[in-house]
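Notes follow once the structure below has been shown.
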Amino acid sequence: MTTAEQTEFLSGGLRPHECRSCGTCVLVKKNSIQHTSIQWTSRPADSCPVFADADGPSALLDTCPKLSDSIADAVREGTLAVADG
(Lines give C-alpha, C1' and ligand atoms only; values in the text may rest on other atoms or scores of the structure.)
Protein backbone atom coordinates (compact mmCIF):
# COMPACT_ATOMS: atom_id res chain seq x y z
CA MET A 1 0.00 0.00 0.00
CA THR A 2 1.32 3.44 -0.92
CA THR A 3 1.13 6.22 1.64
CA ALA A 4 0.45 9.86 0.83
CA GLU A 5 4.06 10.66 1.76
CA GLN A 6 5.39 8.05 -0.68
CA THR A 7 3.14 9.34 -3.46
CA GLU A 8 4.25 12.92 -2.83
CA PHE A 9 7.92 11.88 -2.74
CA LEU A 10 7.63 9.95 -6.01
CA SER A 11 5.42 12.29 -8.01
CA GLY A 12 5.23 15.64 -6.21
CA GLY A 13 6.64 18.52 -8.16
CA LEU A 14 6.79 16.69 -11.49
CA ARG A 15 6.12 19.02 -14.41
CA PRO A 16 5.52 18.22 -18.08
CA HIS A 17 8.50 18.87 -20.33
CA GLU A 18 8.60 18.43 -24.07
CA CYS A 19 11.96 17.46 -25.53
CA ARG A 20 13.11 20.16 -27.93
CA SER A 21 14.73 17.58 -30.16
CA CYS A 22 11.90 15.11 -30.78
CA GLY A 23 8.84 16.43 -28.93
CA THR A 24 8.54 13.51 -26.51
CA CYS A 25 6.73 14.64 -23.36
CA VAL A 26 8.01 13.46 -19.98
CA LEU A 27 7.38 14.54 -16.41
CA VAL A 28 10.41 16.19 -14.79
CA LYS A 29 11.47 17.43 -11.37
CA LYS A 30 14.81 19.06 -10.75
CA ASN A 31 15.59 18.21 -7.13
CA SER A 32 18.98 19.94 -7.44
CA ILE A 33 21.31 20.98 -10.25
CA GLN A 34 22.80 17.47 -10.20
CA HIS A 35 19.62 15.43 -9.60
CA THR A 36 16.81 15.16 -12.13
CA SER A 37 13.77 12.91 -11.77
CA ILE A 38 12.22 11.88 -15.08
CA GLN A 39 9.00 9.94 -15.43
CA TRP A 40 8.19 8.79 -18.94
CA THR A 41 4.54 9.16 -19.97
CA SER A 42 5.00 6.70 -22.82
CA ARG A 43 7.28 3.78 -23.57
CA PRO A 44 10.66 5.44 -24.36
CA ALA A 45 11.42 3.20 -27.35
CA ASP A 46 8.05 4.17 -28.88
CA SER A 47 8.45 7.93 -28.50
CA CYS A 48 12.16 8.79 -28.38
CA PRO A 49 14.34 8.24 -31.46
CA VAL A 50 17.47 7.75 -29.31
CA PHE A 51 15.82 4.93 -27.36
CA ALA A 52 14.29 3.49 -30.54
CA ASP A 53 17.71 3.36 -32.23
CA ALA A 54 19.53 1.88 -29.22
CA ASP A 55 21.84 -1.06 -29.88
CA GLY A 56 20.50 -3.69 -27.55
CA PRO A 57 17.75 -3.28 -24.94
CA SER A 58 16.73 0.34 -24.45
CA ALA A 59 16.32 -0.38 -20.73
CA LEU A 60 20.13 -0.29 -20.52
CA LEU A 61 20.17 3.41 -21.50
CA ASP A 62 20.37 5.80 -18.57
CA THR A 63 18.50 8.53 -20.43
CA CYS A 64 18.47 10.38 -23.72
CA PRO A 65 21.28 12.96 -23.96
CA LYS A 66 19.08 15.17 -26.16
CA LEU A 67 16.37 15.12 -23.48
CA SER A 68 18.97 15.94 -20.83
CA ASP A 69 20.15 18.91 -22.91
CA SER A 70 16.56 20.06 -23.37
CA ILE A 71 15.95 19.93 -19.60
CA ALA A 72 19.21 21.79 -18.91
CA ASP A 73 18.17 24.49 -21.40
CA ALA A 74 14.81 24.86 -19.64
CA VAL A 75 16.58 25.28 -16.28
CA ARG A 76 18.95 27.92 -17.72
CA GLU A 77 16.00 29.78 -19.25
CA GLY A 78 14.05 29.65 -16.00
CA THR A 79 11.12 27.68 -17.40
CA LEU A 80 11.96 24.69 -15.18
CA ALA A 81 12.73 25.44 -11.55
CA VAL A 82 15.28 23.66 -9.37
CA ALA A 83 13.70 22.59 -6.07
CA ASP A 84 16.69 23.52 -3.90
CA GLY A 85 16.88 26.98 -5.41
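The values are calculated or read from the model by the stated rules, or taken from the named source; none is laboratory data. On a predicted model such as this, the values are computed, not experimentally measured, just so you know. Quick reminder, even Gly has a Cβ in these numbers, built from the backbone with ideal geometry, and neighbours come from all protein chains shown. For the accessible areas, the whole protein counts, side chains as well, though only heavy atoms, and no ligand, DNA or RNA atoms are used. Shrake-Rupley method; radii C 1.70, N 1.55, O 1.52, S 1.80 Å.
Return the sequence-ordered ³J(HN,Hα) values of the range 27-34 in whole Hz as given by the Karplus equation 6.51 cos²θ - 1.76 cosθ + 1.60 applied to θ = phi - 60°, using x for Gly and Pro.
9, 10, 9, 9, 6, 7, 4, 7
Give me the accessible area per residue for the chain, probe 1.4 Å, as a whole number in Å².
Averaged over the residues of the chain, the accessible area is 68 Å².
Between Thr3 and Ser32, what is the label-point separation in nm under the 7 Å Cα-to-beta-carbon projection?
2.4 nm
Express in nm, to one decimal, how much length is gained between Glu77 and Thr63 on full extension, taking 0.36 nm for each residue of separation and deducting their alpha carbon distance.
On the way: separation 14, 0.36 × 14 = 5.04 nm, distance 2.14 nm.
Here the segment from Glu77 to Thr63 would lengthen by 2.9 nm.
Which Rg and Dmax, in Å, describe the Cα atoms of the chain?
Reported Rg and Dmax, both Å: 13.6, 39.
Length gain on complete extension for the stretch Asp46 to Ser21, per 0.36 nm per residue less the alpha carbon to alpha carbon distance? Could you put the intermediate results ahead of the total?
Details: separation 25, 0.36 × 25 = 9.00 nm, distance 1.50 nm.
Full extension of this stretch gives 7.5 nm more.
Using only Cα atoms, tell me the angle between helix 65-77 and the longest principal axis of the chain; keep it within 0 to 90° and round to the nearest 10.
The answer is roughly 40 degrees.
From the phi of every residue in the range 45-51, what ³J(HN,Hα) in whole Hz does the Karplus formula 6.51 cos²θ - 1.76 cosθ + 1.60 yield, where θ is phi - 60° and glycine or proline is x?
After applying 6.51 cos²θ - 1.76 cosθ + 1.60, I find 5, 8, 10, 10, x, 5, 5 Hz.
What is the percent carbon and sulfur in the accessible area of the chain, measuring with a 1.4 Å probe over the protein chains and ignoring ligands?
52 percent
Could you put Asp69, Asp62 in order of accessible surface area, largest first, with the 1.4 Å probe and the full protein assembly present?
Asp62, Asp69
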